[in-house]
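The structure appears below as structure tokens.
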Amino acid sequence: TSAPRRMYMKVTDRSAVYEGRFVRVVEKTVVRADGRRGTWEAIERTNVHGSGAVVIIALTRDGELLFEKNWRAGTESYVVQFPAGLTDLDGESEAEAARRELLEETGYAATELTPVFLSPLSAALTSTRAMHFFTRDVDYVGKPSGSDVEEIEVLRVPADRADEFMLHLPDGVELDLQ
């Protein structure tokens, strides 16, 4: 005899309840494996392509990992994170987006990027996923271009001290591992 077939949850209906410039709030009807129904609210980005985001784990020629201290409106606090950004330019590959975001936010240029893994950014809230890339021997080529809605400080941390750095952040700064 064969093993019993496992049933999984699934979305049976979805409707947009709000749409802004860059996000949409969606109400999803879900059916559990036992047949019970429920409603889940989720956020969808409307301005991204592909998986939605990239994260860049960058190592300088001096053996330093690049981090960013960035103020985030969602948490209304500063976070420390790897350089990251959206895949929001039409026709741009994830690797091209990673190169662009690293340069825009840190002033460092990457030549070779190695895709490491794809993961959800906040699986309970959004379908956006981030492709994580690793790059070594990045070169500083000039001042970051920045953004009107971001305040980014580039932090260079010796790779052999990254664990200590992440465990001892200043008060009021949170770690965002994306």
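The values are calculated or read from the model by the stated rules, or taken from the named source; none is laboratory data. Please read all numbers here as calculations on a predicted model, not as lab measurements. Positions of Cβ are generated from backbone atoms using ideal geometry, with glycine treated the same way; all protein chains shown enter the neighbour counts. Protein only, heavy atoms only, side chains kept; ligands, DNA and RNA dropped before computing areas. Shrake-Rupley method; radii C 1.70, N 1.55, O 1.52, S 1.80 Å.
Based on the Kirkwood radius over alpha-carbon pairs, what value in µm²/s does the Stokes-Einstein equation return for the translational diffusion coefficient of the chain at 37 °C and 0.692 mPa s? Walk me through the numbers before you get to the answer.
Working: Rh = 18.3 Å.
Roughly 180 µm²/s, to the nearest whole number.
With a cut-off of 8 Å between alpha carbons and a minimum separation of six or more residues, what is the relative contact order of the chain in percent? Display every interim value, and only then the final one.
Values: 369 pairs, mean separation 40.0, N = 178.
Relative contact order for the chain comes out at 22 percent.
At a Förster radius of 45 Å, what calculated FRET efficiency corresponds to the Cβ-Cβ distance of residue 173 and residue 31, to the nearest 0.05? Please report the intermediate quantities before stating the final value.
Working: r = 42 Å, r/R0 = 0.92.
Between residue 173 and residue 31 the formula returns 0.60.
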Charge tally in the Cβ shell below 13 Å around residue 177, where Lys, Arg are +1 and Asp, Glu are -1, residue 177 excluded: -4
Apportionment of accessible area to carbon and sulfur, the chain, percent (1.4 Å): 51 percent
List 111, 60, ordered by accessible area with a 1.4 Å probe, largest first: 111, 60
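Protein chains only, probe 1.4 Å: how do 40, 71 rank by accessible area, largest first?
The ranking, largest first, comes out as 40, 71.
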Counting all C-alpha pairs of region 133-173, share separated by more than 12 Å (%): 76 percent
Between helix 94-106 and the chain: long-axis angle, C-alpha atoms, 0 to 90°, nearest 10: 50 degrees
Region 149-155 - phi-based ³J(HN,Hα) in whole Hz, Karplus 6.51/-1.76/1.60, Gly and Pro as x: 10, 10, 10, 10, 10, 7, 10
Spin-label model distance (nm) - residue 111 vs residue 140, 7 Å beyond Cα toward Cβ: 1.9 nm
Percent antiparallel among DSSP beta bridges (both partners in the chain, rounded to 5): 75 percent
Rounded accessible area of residue 134 (nearest 10 Å², 1.4 Å probe): 60 Å²
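May I ask for the net charge around residue 158, where only other residues with Cβ less than 10 Å from the Cβ of residue 158 are counted and Lys, Arg are +1 while Asp, Glu are -1? List each step's numbers first, then the result.
Values: positive: 156, 161; negative: 62, 64, 160, 164.
It works out to a net charge of -2.
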Low-density loop positions, GluC sites (Glu not before Pro), region 30-95 - DSSP coil, at most 14 other Cβ in 10 Å: 76
Using a Förster distance of 25 Å, the FRET efficiency for residue 124-residue 71 (Cβ separation, nearest 0.05): 0.60
Structure-based [θ]222 nm, the chain - -39500 (n - 2.57) summed over DSSP H runs of at least 4, per residue, nearest 500: -3000 deg cm²/dmol
Candidate residues 155, 102: accessible-area rank, largest first, probe 1.4 Å: 155, 102
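Per residue, how much accessible surface does region 1-158 expose to a 1.4 Å probe? Answer in Å², no decimals. Walk me through the numbers on the way to the answer.
Working: 9750 Å² over 158 residues.
Normalised by residue count, the accessible surface of region 1-158 is 62 Å².
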